[in-house]
């Protein structure tokens, strides 16, 4: 069985990509890798509530590394990090949750090629409404909306959990009405996974502060996460 490192954010897409790599590609997870950048305008890396990704690794029993870069030359820094991780863990592939960003796809393809491994992006190019249904209804991934930037979102969407058919259809209906990506691929919203088959029966209950701005967007800043049956996570 081959081994992979997942470029992991704690969001629904990187989490589902990780599940697919394990279930469908029959690969072993060698590491969940979170790369931190100080840049809020990064087109390459996820930033919303990313520090809480490590809880997923704890529950899933997968090694985890969190590496911070300066952000001065993201492409070069990310490639160096990936190369070091590939050598350290002896993996055969990197897995990402990219769906439609050619900017990201081309770069991760190149990073993987340059360090001699495969790049697996199992959600790439799929119909986006189908992806949302696949993530939640087929793979059983439940997520909280932790940032909502698209027109159509109201304050009550910030902190809302999407984890069943009814909530999926409500989100799809809103996306159709306001013509935004139903999976948030263009930054229309950001997610944090709170339930998954890989969580071994545990469920996460984030708490924090909901913020809504007059310009029409909102953010949920997580301050702590309770793991049901285990208490508060010691961050």
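Each listed q (0.11, 0.14, 0.17 Å⁻¹) maps to a log10 I(q)/I(0) for the chain, found by the Debye formula over equal Cα scatterers with no solvent: -0.53, -0.88, -1.34.
Note on the chain: helix-only mean residue ellipticity at 222 nm, from DSSP H runs of 4+ residues weighted -39500 (n - 2.57) and normalised by residue number, equals -9000 deg cm²/dmol.
Helix 102-115 and the longest principal axis of the Cα set of the chain meet at an angle near 20°. Computed over the chain with a Gaussian network model linking Cα atoms closer than 10 Å, the most mobile of 206, 197, 38 is 38. Between the Cα long axis of helix 12-23 and the first principal axis of the chain there is an angle of about 50°, rounded to the nearest 10. Using the Cβ-Cβ distance between residue 173 and residue 137 with R0 set to 22 Å, the FRET efficiency from 1/(1 + (r/R0)^6) comes to roughly 0.90.
Could you tell me how many cubic angstrom of Cα convex hull volume the stretch 60-112 has per residue?
104
Helix 165-178 and the longest principal axis of the C-alpha atoms of the chain enclose an angle of approximately 80°.
Kirkwood radius and radius of gyration were both taken over the C-alpha atoms of the stretch 3-120, and their ratio Rg/Rh is 0.92.
Taking the chain as a Gaussian network of alpha-carbon nodes connected by springs under 10 Å, the highest mean-square fluctuation of the residues 74, 138, 188 belongs to 138.
Considering only 19, 32, 126, the mean-square fluctuation computed in a Gaussian network model of the chain, springs between alpha carbons under 10 angstrom, is largest for 126. Its alpha carbons give the stretch 128-232 an Rg and a Dmax of 13.7, 41 Å.
The spacing between the stretch 23-99 and the stretch 118-172, judged by their C-alpha centroids, is 21 Å. In plain terms, the chain from residue 209 to residue 75 could stretch by 45.0 nm, reckoned as 0.36 nm per residue minus the Cα-Cα distance.
A short reminder: the numbers here are calculations on the coordinates, not readings from a lab. Owing to the predicted nature of the structure, the values given are computational and were not obtained by experimental measurement. Note that each Cβ is placed from the backbone with ideal geometry, even for glycine, and that neighbours are counted across all protein chains shown.
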